[in-house]
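The values are calculated or read from the model by the stated rules, or taken from the named source; none is laboratory data. What you see is a predicted model, and the numbers here were worked out from it, not measured in a lab. Note that we place each Cβ from the backbone using ideal geometry, even for glycine, and neighbour counts take in every protein chain shown.
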Amino acid sequence: MNTHVLPLEKLSPPKKPDDWKKEPWLFLVVGGPLIVVCASIATGIIAWRGADPVVAADYYRQGLMINTDLHRDAKARELGLRAEITFDAQTNTLQMQLQAQKQLNQTLPETVQISIASADESLGAVNELVRRLPMSQTTAGHYVGNLGNKDASDSGKTKLRVNMAEAKLMHIKVETTEWRLTGDWFDPKQRSIHLVAAK
């Protein structure tokens, strides 16, 4: 039996292991979970900063008002009330024409209250600011509400300040103690809103 022995200098040296940073399998194994962890952290930050409130701050009062609101909606339906509201940019006022299909037992009220709810960036994206404004009847069924700034002639009282020119969506509620009309007003600077009794 012949044995052929290679000289020592011809034996290949042992292969040096590659640096771990150059190993492609490492990134394949670790990369997926690492991406998931980073995405989870980013999602947690977004959820924490933009969390919606689960319950309204005045949820108890709102719950008590539900039955009252339903009765006022029914009364507005019974009277066949409808209103058209427009924004007059020159005088910075709201003009409302109120009509009833059925004859009222009494004349239309001298004043009604209009509530305007809109998003307020200073309070956060999910919060809204509600402003209330009395509207006075000037002629039969025609009401006017002033949206002006602080009036020096009005004993220093500050009137409702609403930037109708920049608003894109507002929730409007016209109400008295007996009835109410509600609706969403899209682009109030460009168009009027027609309110009818809720069904």
### Query
Of the residues that make up region 177-187, is at least one modelled with pLDDT under 85 and of a type outside the set (A, V, I, L, M, F, W, C)?
yes
#### Entry: region 80-102: number of residues that are within 16 Å of residue 141 (Cβ to Cβ) and surrounded by 18 or more Cβ atoms within 10 Å (Cβ to Cβ)
6
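Yes/no per residue for (1) part of a helix (DSSP H, G or I); (2) within 19 Å of residue 183 (Cβ to Cβ):
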site	(1), (2)
67	yes, no
70	yes, yes
73	yes, yes
78	yes, yes
85	no, yes
90	no, no
